[in-house]
1. Here are Ala174, Ala181: which of them is modelled with pLDDT of 80 or more and surrounded by fewer than 16 Cβ atoms within 10 Å (Cβ to Cβ)?
2. Could you list, in sequence order, the residues of region 194-215 that are open to solvent by 20 Å² or more (accessible area, probe 1.4 Å), farther than 11 Å from Leu58 by Cα and in a helix (DSSP H, G or I)?
3. Within region 64-77, can one find any residue that is modelled with pLDDT under 80, of a type in the set (Ser, Thr, Tyr) and buried (at least 18 other Cβ atoms within 10 Å of the Cβ)?
4. Within region 106-131, count every residue that is at pLDDT 80 or above and open to solvent by less than 30 Å² (accessible area, probe 1.4 Å).
5. When you scan region 31-77, how many residues do you find that are assigned to a loop (DSSP other than H, G, I, E, B) and charged (D, E, K, R)?
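The values are calculated or read from the model by the stated rules, or taken from the named source; none is laboratory data. What you see is a predicted model, and the numbers here were worked out from it, not measured in a lab. Methodologically, a virtual Cβ is constructed for each residue, glycine included, from the backbone with ideal geometry; neighbour enumeration extends over all protein chains shown. Quick note on the areas: whole protein, heavy atoms, side chains included, nothing else; ligands and nucleic acids left out. Shrake-Rupley method; radii C 1.70, N 1.55, O 1.52, S 1.80 Å.
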Amino acid sequence: MRQERNGLARVPGGRKQIARQVVLPFRMSLAISLKSIRVRFLRSMVTVMSLVLAVAFLSFILTGTEVARGVLATGDPQLRLALIDAGYDLSSVAPPPERAAGEAARLGAGPKERWIVLLSLLVCTVGIVNAQLMAVTERFREIGTMKCLGALDRFILRLFLLEAGMQGLAGSVAGAFCGMAGAVMVGLLRYGGAAAAGLGPVGLGRVLGVSVAVGAGLSLLGVVYPAVVAARMRPVEAMRAQE
């Protein structure tokens, strides 16, 4: 029969093996992550602002497309010409009223806008990876201390993922709303009240969901490699690093 004492189990032959390990609850990990963000607030803001700008641009393009669809669905020839002047790829001849809604549903961002959005998101991801690698370098002693106290690799990984997740969620929400507000203002200036009339909660909700999901996903993707580097760090090497 195996007997446990202080987390150790005695097996026949006198050998001891680890039967269980003390794992901090999730709320404790969340508290440590929040404290780390507060301590490194300025560096966190640099990472968040790069994400805000990238997500705001994505949200601006998506909301602008929703505005253009609503304007095109009205079937007004003058508004159609305004869309063509704004750079949307439309035929110079207005379709019959029964085809206007179908044409509006097919309307989307052009190849140029898609490439610019893709490049901005790629640059944002590279910036997040760089910022997180620098954060790992600055936290050598902290990571080494936690590992010497018994922190497991998955606990270190969880801390970095939680920090990136919170920063990504905050930056994505802020960027999404900024981009949506900017696109609506530009639409009102170009098309007047028809820009607001064509917007619906479903379209705005779709833009918000896509923008936040993309931003949070990029934030988590950008922190995976730095988090793995931190989790695999040997305690002796971390404690030996210079401040």
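1. Values: Ala174 fails: surrounded by fewer than 16 Cβ atoms within 10 Å (Cβ to Cβ).
None of the others qualify; the one that does is Ala181.
2. Taking region 194-215 and keeping what is open to solvent by 20 Å² or more (accessible area, probe 1.4 Å), we get 194, 196-202, 204-206, 208-210, 212-214.
Going one step further and asking which of them are farther than 11 Å from Leu58 by Cα, we end up with 194, 196-202, 204-206, 209, 213.
Residues satisfying the conditions are Ala194, Ala196, Ala197, Pro201, Val202, Leu204, Gly205, Arg206, Gly209, Ala213.
3. The answer is no; no qualifying residue exists.
4. Residues of region 106-131 at pLDDT 80 or above: 115-131.
After this cut, where a residue has to be open to solvent by less than 30 Å² (accessible area, probe 1.4 Å) as well, the list is 117, 121, 124-125, 128, 131.
Result for region 106-131: 6.
5. Counting residues in region 31-77 that are assigned to a loop (DSSP other than H, G, I, E, B) and charged (D, E, K, R) gives 2.
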